[in-house]
Amino acid sequence: MENLNSLMHGFGVAATGFHLMLMVVGVLLGILVGVLPGLGAPNGVSLLLPLTFSMDPVSAIILLTSMYWGALFGGSTTSILFNIPGEPSSVATTFDGYPMAKQGRATEALSLAFLSAGFGALAGVVLITILSTWVAKFALRFSSPEYFAVYFLAFASFVGLGGASPFKTIVSMMLGFAFATVGMDTISGSLRLTFGFSELLNGVSFLVAVIGLFGIGELILTMEEGLRFEGIRARISPRDVFATIASMPRYWVSLLRSSLIGCWMGITPGGPTAASFMSYGLAKRFARNKEGFGKGRPEGVVCPETADHAAGTSAILPMLALGVPGSATAAVMMGGLMIWGLNPGPMLFIDKPDFVWGLVASMYLGNVVAVVLVLATVPFFAAILRIPFAIIGPVIVVVCFIGAYTVSSATFDLWLALAFGLVGYVFKKLDYPIAPLVLAMVLGDKAEDAFRQSMIMSRGSLAIFWSNPLVTGLTALALTLLLWPVVGFAREWVRASRASALRPLSVRGAADEATGGLSR
Amino acid sequence: MTHTTPETPAPALVSRRAAEVAAALFTGALGATVVVGAREYGVGWDSAGPQPGAFPFYLGLIIVAASLANLVRGVLAGAGGAFVDRDQARQVLAFFGPIVAFVVLTVTLGLYVGAALYLFGVMLVQGKYRWWIALLVSMGVSVFFFVVLERWFQVPLLKGPLEAALGIY
């Protein structure tokens, strides 16, 4: 068990006093970010990232991942107590969590949510522990064409499985790639697409984009909907928590099924939001007794929470082993890795084992820390939401702009964040998915390099993308996913030519639900 | 600013179709800009492989094509309800307007002063707080960020004439 040894070594790296302190700070900041509307995991991590530039990479990634765990937990807290999901991935938790809280079972709902979330997260980390070396070893065989095919596959799966309009996904994704090409060209060294603006010489930072798209955009949307917090007071008594722990084994089927769904959606770029919806949907379908869903049924909390966290943690696997992040937050973290001078991908396992296994070990510890902390601090964070929005809203705006400025100390980035905020608001309202844009911005240079190197290898022939079984398989899978919507269009068109009256409503509804699933 | 728009019973200010079309035109224009910009750097092939403009050039073309598809689909989809109604637009503007003011203030006066003025203004006008509460909170928030960022994390933020006058650098 080579991995177990490495993991033990990782615990040696992660379990220092300083790192445990970072975990506590990260988790607390994460819960705060998760609880506050408009601030979510992706832009919470983006805001914190510039402050870690001078830190040791292991400490920095522990801080950032802990913040991610905290944000996932914080999102569920507001879902249950306020019926307002702090994160899109906790929308499904509101369905049964809030009714439970209204019936006076807030403690039970919260403990159930946190414990099953912890279970899901552990499932994800165990998966990473077992699979990561294997995936990395496999990926060592990759050269440029295979890498490009993997990137292509990741993006094709957004188009094919995303559920949003495929053309909107393509526009969003390609805009991300285009933003990534602005500034210095990594191969020839020449400047591109700056149009004579010296502000654009350094390119468009994905951090500023995330802060604008997710932060400002989401806040505007929140304001438009007219936010009102009508919370349920919660005090967590240890007795109730232990009673809930004792009841957990009862939900083993839900826990296992949801973990599997979550892990799968995390590794493929489906993301936590889609995972939690899917898990909730399946729980409802498989339940022997369908009564009670949406009225405060414990499974309705257990399933989405488990899948949400399993997806959140397992999204780290493709990021580390392949250099392809499985969620928007993982994409931001991967961008961070590159800023710290690390190159995510299989070589990371060989060059920086301390970093990889320190991170994996910290995920075990961080999630335990997060469960304990979130149980202990729920009343405090719930109180924060009682601060009037006229204060908290503008403070969040200020935090976002501070974050945008700290990226590279440029005033231009403030305007850029503002512009991205408007774009984010409009894109969200029109169901343009935002996660592909962020992923493309982070992966842009790598994807372009892989493409250009492949072209150099093949002297300009695209045939290199089916020159051996491995790359052919990847390309074929990607093309299938890319063309998947065509099948959908064909089916839609056939159905439309038969009967047309009721169609647009149902199609639009389904698309809305699915885009919600991929906006993070 | 809330009284500048007259009250009318018609709720939709911008229809979904109009918004779809505008968004498609916007992304299409961005794509076209990328295409034009990329042509400057050569979109063909030279001794070192594809020229620097090639990759963005094709990206731009795909953006334009997909935007056209969105445009057609947006037009064909029918009116499709409201993108934003009057009340929503008013709330969005009431929130977004001050943000723009904040950025302008920040660029001219520095981030700390800009943030304090912005918070003070929003709390006073929209939150209807008493002036001294607004003053206390806005100053408190600015000082808090100053201490956290400049002292603890040693991350310098944008400063303006006030900080220069006080000799804080």
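The values are calculated or read from the model by the stated rules, or taken from the named source; none is laboratory data. Predicted, not measured: the structure shown is a model, and the values here were computed from it. Because the Cβ atoms are built from the backbone with ideal geometry, glycine has one as well, and the counts that use them run over all protein chains shown.
Quick notes on this one:
- Test: residue in the stretch B:147-162 that is more than 10 Å from every other protein chain (Cβ to nearest Cβ), hydrophobic (A, V, I, L, M, F, W, C), more than 30 Å from A:Lys168 (Cβ to Cβ) and loosely packed, with under 14 Cβ neighbours inside 10 Å: yes
- Taken as a whole, the condition of being facing another protein chain (nearest Cβ under 9 Å), modelled with pLDDT of 95 or more, surrounded by fewer than 17 Cβ atoms within 10 Å (Cβ to Cβ) and assigned to a helix (DSSP H, G or I) applies to B:Val100.
- Matching residues in the stretch A:417-435 - criterion: being under 20 Å from B:Leu59 (Cβ atoms), buried (at least 22 other Cβ atoms within 10 Å of the Cβ) and either without any contact (Cβ under 8 Å) to a residue 60 or more places away in the chain or within 12 Å of chain B (Cβ to nearest Cβ) (or both): A:Val423, A:Phe427, A:Tyr432
- Scanning the stretch A:185-199 for residues that are in contact with a helix residue (DSSP H, G or I) (Cβ under 8 Å, 6 or more places away or on another chain) and either in contact (Cβ under 8 Å) with a residue 40 or more places away in the chain or within 7 Å of chain B (Cβ to nearest Cβ) (or both) yields A:Thr186, A:Ile187, A:Arg192, A:Leu193, A:Phe195, A:Glu199.
- Filtered residues of the stretch A:376-404 (kept if over 30 Å from A:Ala106 (Cα atoms) and surrounded by fewer than 23 Cβ atoms within 10 Å (Cβ to Cβ)): A:Val399
- Hey, A:Gly366 within 27 Å of A:Ser59 (Cα to Cα), over 20 Å from the mean Cα position of the chain (by Cα), part of a helix (DSSP H, G or I) and of a type outside the set (D, E, K, R) or not: no
- Flag for A:Ala410 being in contact (Cβ under 8 Å) with a residue 24 or more places away in the chain and surrounded by fewer than 24 Cβ atoms within 10 Å (Cβ to Cβ): yes
- The stretch A:232-258, residues that are among the aromatic types (Phe, Trp, Tyr) and surrounded by 14 or more Cβ atoms within 10 Å (Cβ to Cβ): A:Tyr251
- In this structure, A:Ile434 does not qualify as more than 23 Å from the chain's Cα centre (by Cα) and not small (Gly, Ala, Ser).
- Any helices (runs of 4 or more DSSP H) falling wholly within the stretch A:209-312 and containing at least 1 residues that are away from chain B (no Cβ under 14 Å) and at pLDDT below 90: A:238-247, A:252-267, A:271-286
- Note on the stretch B:122-146: among residues that are aliphatic (A, V, I, L, M) and surrounded by fewer than 16 Cβ atoms within 10 Å (Cβ to Cβ), the one that is farthest from A:Leu48 (Cα to Cα) is B:Val125.
- Taken across the stretch A:49-61, residues that are farther than 15 Å from A:Trp340 by Cβ and at pLDDT 90 or above do not occur at all.
Matching residues to (1) within 22 Å of A:Lys168 (Cα to Cα); (2) of a type in the set (D, E, K, R):
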residue	(1), (2)
A:Arg459	no, yes
A:Phe465	no, no
A:Val471	no, no
A:Ala478	yes, no
A:Leu482	yes, no
A:Gly488	yes, no
A:Glu492	yes, yes
A:Ala496	yes, no
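- Residue identified as surrounded by fewer than 24 Cβ atoms within 10 Å (Cβ to Cβ), among the aliphatic types (A, V, I, L, M) and closer than 26 Å to A:Leu81 by Cα among A:Val369, A:Val302: A:Val369
- Considering the stretch A:156-184, and only residues there that are within 10 Å of A:Ala440 (Cβ to Cβ) and of a type in the set (Gly, Ala, Ser), the residue that is nearest to the other protein chains (Cβ to nearest Cβ) turns out to be A:Ala178.
- In the stretch A:49-81, the residues that are outside any helix (DSSP H, G or I) and either within 14 Å of chain B (Cβ to nearest Cβ) or buried (at least 24 other Cβ atoms within 10 Å of the Cβ) (or both): A:Phe53, A:Ser54, A:Met55
- Yes/no for B:Pro52 being part of a loop (DSSP other than H, G, I, E, B) and under 24 Å from A:Gly176 (Cα atoms): yes
- Conditions (1) farther than 30 Å from A:Cys400 by Cβ; (2) among the β-branched types (Val, Ile, Thr); (3) facing chain A (nearest Cβ under 7 Å): number failed by B:Val75: (3)
- The set of residues from the stretch A:400-416 being within 8 Å of another protein chain (Cβ to nearest Cβ) and at negative phi comprises A:Phe401, A:Ile402, A:Tyr405, A:Thr406, A:Thr411, A:Leu414, A:Trp415.
- Within the stretch A:181-196, tally of residues that are assigned to a loop (DSSP other than H, G, I, E, B), under 17 Å from B:Leu59 (Cα atoms) and in contact with a Pro (Cβ under 8 Å, 6 or more places away or on another chain): 2
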